[in-house]
Structures are given as structure tokens and as C-alpha cells.
Amino acid sequence: MALAPPWQRREDIVLSFPYRPHRAVIVAAAAVVVAGSSALADDTLLSVDWSNTEIQSFVAARKDEAARGLAPAAPSRLDKVKLPVIGFEGAPGLVQNSFPGLGPQPVGTRAVHTDETNPVWYQIVDTYGDVSVSVAADLRVQHTFAADYPIYPTTAPGAAASAGPDVSVFDGADEEGMEGSIAEYTVTRFGVPYTVTIECTAATKAQCQDVAQIAKDSALLKVIAATPPG
């Protein structure tokens with residue numbers, strides 16, 4: 001029987017590193033406060049295009065693996081999430097560039113966050129030393145935030161325009177006392193917006209400012225869990 005990647009076998013250990021909520025989780029929490037309850041009615045949730053061929057291909061492949069005894073022995077927590085889960089199957093190029101030399105691919109520690117009682121949102125945080133990569137999505141309809149809610153502009157210092165999502169980058173110039181950098185972008189797939197947040201310490205700050213590489217890495221996002229309703 002094939003083994004799941006190391007981080008999937010450790011995903012239940014969500015406190016395996018000092019957890020700091022990423023901006024996507026803060027947004028999700030704010031939505032709960034505005035709505036007044038985490039148990040929202042179906043008409044307040046985004047509609048998912050479960051008929052998408054990428055999702056159908058993934059589900060069919062998983063069924064085939066299970067039939068051949070290749071599926072993991074225990075179901076993943078992500079299988080309970082009520083929306084397609086996308087993420088990185090390995091270290092994106094940005095992370096690999098932050099590790100000098102031609103050594104083995106960096107191995108990350110994965111933490112999974114969701115609401116077990118109403119799993120309509122999720123956040124995956126992959127930590128690789130001084131770089132962490134978060135992917136988050138929420139089916140709950142997001143509400144309009146106050147005018148002073150921080151929206152950071154897209155910046156690309158020293159980088160030519162590239163295809164892919166618009167990447168926002170901010171550092172000490174945007175937030176006083178911040179030593180590292182944070183890069184963020186959103187992609188919409190299957191009718192759902194997914195937010196990718198990359199946090200870098202002062203030691204890897206330049207990696208978070210490599211907008212061209214970050215946009216290129218967005219193509220590596222794949223469906224890693226999907227459980228259609230019914």
C-alpha cells in the first residue's frame with residue numbers, strides 16, 4: 001500500500017510549529033463575526049462547479065486507487081471539506097530557490113485547519129524553514145469590510161510583467177516594524193476564490209518579492225482532495 005507524503009501523515013499535528021494565523025484565516029474569522037454564526041444556511045454559501053472535468057478526473061483517479069489498494073489507509077481530514085481542496089503537492093519553485101545549492105527537494109511541515117463541525121472552509125499551511133506557504137478558501141459569502149481594511153497594492157520591484165495572477169507584496173514599507181515580507185494572490189476555480197499567502201522572514205525576504213516566480217508557481221496548484229456532495 002502506498003504511503004501518503006510525510007506532511008499528509010502529520011496533518012493532524014496542527015501545533016507542530018508556532019502557529020501564526022495567516023491573513024486568509026483572519027478574513028474567514030471576520031466573516032464569522034459578521035454573520036453571527038458558523039452554521040450558515042446553504043443560500044449563503046458559494047456554489048461549487050462540481051461538474052468541472054479536473055474535479056471529476058481527480059475523483060475517478062482516487063476511486064481507481066482505492067480499488068487497487070493504493071489509497072491511504074486512513075481518510076484525510078481534507079476529505080471532509082465541503083469544497084474542492086487545492087494546494088501544492090511539493091515545494092513550489094519559490095521555496096526551492098530559497099534553499100541554496102542542488103540538494104534534495106525541501107521537505108515541509110503541513111498543518112491543516114478547518115471547522116470539523118461545519119467544514120465549509122480550510123487552510124493549509126506548509127512551512128519550510130524561513131518560508132511558509134498558505135492556501136485557503138471559504139464557501140461562506142464574504143461581507144464587505146470597513147473602508148480602513150488594509151488592501152495592499154501589487155508590486156514587482158525589478159521584475160518584468162508576467163502571466164498569472166496579480167500578486168500583492170508588502171513589507172516594512174507598508175507595515176511599520178515588519179522585518180520580512182508577505183506575498184499574496186487569489187485565484188478563482190470551480191466558482192471558489194482561493195487565496196495563497198507566502199510569508200518570508202528577513203532572511204528570505206527577497207523570495208517573497210520575486211513576483212514573477214510566485215505567479216509562475218500558481219500553475220502548480222492542483223486538486224488534492226475533493227468529495228462531491230451525495
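The values are calculated or read from the model by the stated rules, or taken from the named source; none is laboratory data. Keep in mind that this is a model prediction, so the values were computed, not measured. Virtual Cβ from ideal backbone geometry, glycine too; neighbours counted across all protein chains shown.
Inspect the stretch 168-187 for any residue being in contact with a helix residue (DSSP H, G or I) (Cβ under 8 Å, 6 or more places away or on another chain), assigned to a loop (DSSP other than H, G, I, E, B) and either polar (S, T, N, Q) or at pLDDT 90 or above (or both) and give the result as yes or no. No: zero hits. Taking every residue in the stretch 60-79 that is over 29 Å from T117 (Cβ atoms) and among the β-branched types (V, I, T) and pairing it with any residue that is part of a helix (DSSP H, G or I) and modelled with pLDDT of 80 or more, at least 6 positions away or on another chain, yields no pair with a Cβ-Cβ distance below 6 Å. A single member of Q123, Q105, Q96 is modelled with pLDDT of 90 or more and not small (G, A, S), and it is Q123.
For the stretch 171-195, a tally of residues being touching an Asp or Glu at 6+ places or on another chain (Cβ under 7 Å) and among the hydrophobic types (A, V, I, L, M, F, W, C) returns 3.
When you look at T144, is it among the hydroxyl-bearing types (S, T, Y), closer than 16 Å to K216 by Cα and modelled with pLDDT under 90, yes or no? Considered against the rule, which asks whether it is among the hydroxyl-bearing types (S, T, Y), closer than 16 Å to K216 by Cα and modelled with pLDDT under 90, T144 comes out as no. Hey, among P193, P229, P157, P150, which residue is assigned to a loop (DSSP other than H, G, I, E, B) and at pLDDT 90 or above? Sole residue among the options that is assigned to a loop (DSSP other than H, G, I, E, B) and at pLDDT 90 or above: P229.
I'd like the residue in the stretch 52-72 that is at pLDDT below 85 and assigned to a helix (DSSP H, G or I) and, out of all such residues, is surrounded by the fewest Cβ atoms within 10 Å (Cβ to Cβ). Lay out the reasoning, then the answer.
Filtering the stretch 52-72 down to residues at pLDDT below 85 leaves 65-72.
Of the ones still in play, those that are also assigned to a helix (DSSP H, G or I) are 65-67.
On the way: E65: 13, A66: 11, A67: 9.
Across the stretch 52-72, the extreme among qualifying residues is A67.
Scan the stretch 203-210 and tell me whether some residue there is aliphatic (A, V, I, L, M) and modelled with pLDDT of 95 or more. Looking for residues that are aliphatic (A, V, I, L, M) and modelled with pLDDT of 95 or more, one finds none in the stretch 203-210, hence no.
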